[in-house]
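Encoded as structure tokens, the structure appears first; notes follow it.
The values are calculated or read from the model by the stated rules, or taken from the named source; none is laboratory data. Every value quoted in this text rests on a predicted model; they were computed, and no experiment measured them. Glycine also receives a Cβ, built like all others from the backbone with ideal geometry; neighbour counts cover every protein chain displayed.
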Amino acid sequence: MDTQKHTQNQTFRLGTRRSPLAMAQAEETRDRLARAHGIDPAHIEIVAVTASGDRIQDRPLAEIGGKALWTKELDAWLDAGEIDFAAHSAKDVETLRPDRFAIAAVLERADVRDVLIGAESIAAIPQGAVVGTSAPRRAAQLLHARPDCKVVTFRGNVATRLSKLAAGEADATFLAAAGLQRLGKTGTGHALDEEEWLPAPGQAAILLECRSDDARTRDFLAAVDHAPSRATVMAERALLAGLGGSCHSPIAVLTRPEGDGLLMRAAIFSPDGAEHIAGEARFATDDLAAPTQLARDMLGRAPEAITVHFEGAGA
């Protein structure tokens with residue numbers, strides 16, 4: 001009871017990007033924390049920043065600074081003590097993070113699938129169609145399955161991409177099922193089987209970071225840390241680290257609990273989809289060496305058309 005009273009007398013500042021999806025994720029985070037601690041959501045103040053990645057939308061992310069464009073403003077606010085913790089889409093957080101920050105919680109992961117807008121399936125996309133995406137993974141997976149299609153850069157938030165599609169800038173595009181669900185847009189498009197169309201590392205997970213030396217906030221966030229989701233996300237981040245993947249690197253991975261451990265299925269591609277290497281591994285939930293070994297195995301079997309896009313190939 002004393003602990004709960006102590007929490008009820010505290011306030012926390014939650015930093016987030018200003019995009020509609022990021023705000024929805026921040027509100028979900030606030031509400032989960034309030035329920036977990038039995039406190040009024042007003043004890044958690046949402047502080048929004050316009051990230052560089054949201055401001056610059058006319059070029060692929062890899063050309064303008066990569067994933068750091070989603071985190072650098074919030075990192076600066078954390079460093080300055082202007083916020084206590086930040087909520088991120090796990091797939092947008094760089095693989096190697098500064099030691100001064102800690103991943104204090106991973107919320108329960110939502111639907112990991114991609115949704116195809118504009119056709120009922122990959123096979124049903126019209127011959128020679130123009131497909132909009134800025135994700136190297138989606139582009140490579142599409143071109144691997146449908147080399148007749150043409151990929152064009154599609155950036156922006158969910159509403160922007162849907163409006164570009166409606167305006168005829170492309171015949172089809174992809175969005176994350178979890179993002180559509182969090183924005184109340186369920187029923188949009190056709191969800192792709194995650195076993196056949198592997199998602200992005202960290203897809204559908206919300207990751208909470210705070211300062212490593214901030215014991216008060218770490219204890220507060222621990223209440224919403226979902227152990228199975230943390231296990232899959234951290235395993236996928238270990239795979240990324242082993243591959244040396246960047247925003248340029250087409251990487252797809254699906255990690256599922258299996259028995260007492262995890263089953264990871266992964267694939268890496270050349271950007272044009274012509275080459276791909278797949279692999280899988282079963283390992284204990286806390287064995288981060290296994291995803292690293294899977295990365296080495298796949299890179300060891302990959303042709304130069306793939307390895308040139310992965311720093312881990314030279315390790």
Query raised in the report: So is Thr217 outside any loop (DSSP other than H, G, I, E, B), over 22 Å from Ser246 (Cα atoms) and among the hydroxyl-bearing types (Ser, Thr, Tyr) or not?
Result: yes
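Only helices (runs of 4 or more DSSP H) wholly contained in segment 106-184 count here; list those with 3 or more residues that are under 22 Å from the mean Cα position of the chain (by Cα) and buried (at least 19 other Cβ atoms within 10 Å of the Cβ).
Working: elements: 136-145, 158-166, 177-182.
Once the helices (runs of 4 or more DSSP H) in segment 106-184 are filtered for at least 3 residues that are under 22 Å from the mean Cα position of the chain (by Cα) and buried (at least 19 other Cβ atoms within 10 Å of the Cβ), what remains is 136-145, 177-182.
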Requested in this report: Check segment 47-62 and report whether any residue there is within 16 Å of Arg211 (Cβ to Cβ) and either at pLDDT below 90 or not basic (Lys, Arg) (or both).
Outcome: yes
Requested in this report: Check segment 189-210 and report whether any residue there is at pLDDT below 95, surrounded by 17 or more Cβ atoms within 10 Å (Cβ to Cβ) and either aromatic (Phe, Trp, Tyr) or over 27 Å from Ala305 (Cβ atoms) (or both).
Outcome: yes
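Criterion first (touching a residue at least 40 places away in the same chain (Cβ under 8 Å) and within 27 Å of Leu239 (Cα to Cα)) does Asp193 satisfy it? If you could, list the steps in order and put the result at the bottom.
On the way: touching a residue at least 40 places away in the same chain (Cβ under 8 Å): yes; within 27 Å of Leu239 (Cα to Cα): yes.
Answer is yes for this residue.
Residue by residue through segment 255-269, note down the ones that are surrounded by fewer than 23 Cβ atoms within 10 Å (Cβ to Cβ) and either part of a strand (DSSP E or B) or hydrophobic (A, V, I, L, M, F, W, C) (or both). Steps first, please.
Restricting attention to segment 255-269, the residues satisfying the condition of being surrounded by fewer than 23 Cβ atoms within 10 Å (Cβ to Cβ) are 256-261, 263, 265, 267.
Residues satisfying the conditions are Arg256, Pro257, Glu258, Gly261, Leu263, Arg265, Ala267.
Give the residue, chosen from Ala215, Ala274, Ala241, Ala205, that is aliphatic (A, V, I, L, M) and touching a strand residue (DSSP E or B) at 6+ places or on another chain (Cβ under 9 Å).
Details: Ala215 fails: touching a strand residue (DSSP E or B) at 6+ places or on another chain (Cβ under 9 Å); Ala274 fails: touching a strand residue (DSSP E or B) at 6+ places or on another chain (Cβ under 9 Å); Ala241 fails: touching a strand residue (DSSP E or B) at 6+ places or on another chain (Cβ under 9 Å).
Exactly one residue qualifies, and that residue is Ala205.
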Query raised in the report: Name the pairs: first residue in segment 104-129 and under 28 Å from Leu33 (Cβ atoms), second residue hydroxyl-bearing (Ser, Thr, Tyr) and modelled with pLDDT of 95 or more, Cβ to Cβ under 6 Å, at least 6 apart or on different chains?
Result: Val106/Ser229; Glu108/Ser229; Arg109/Ser229
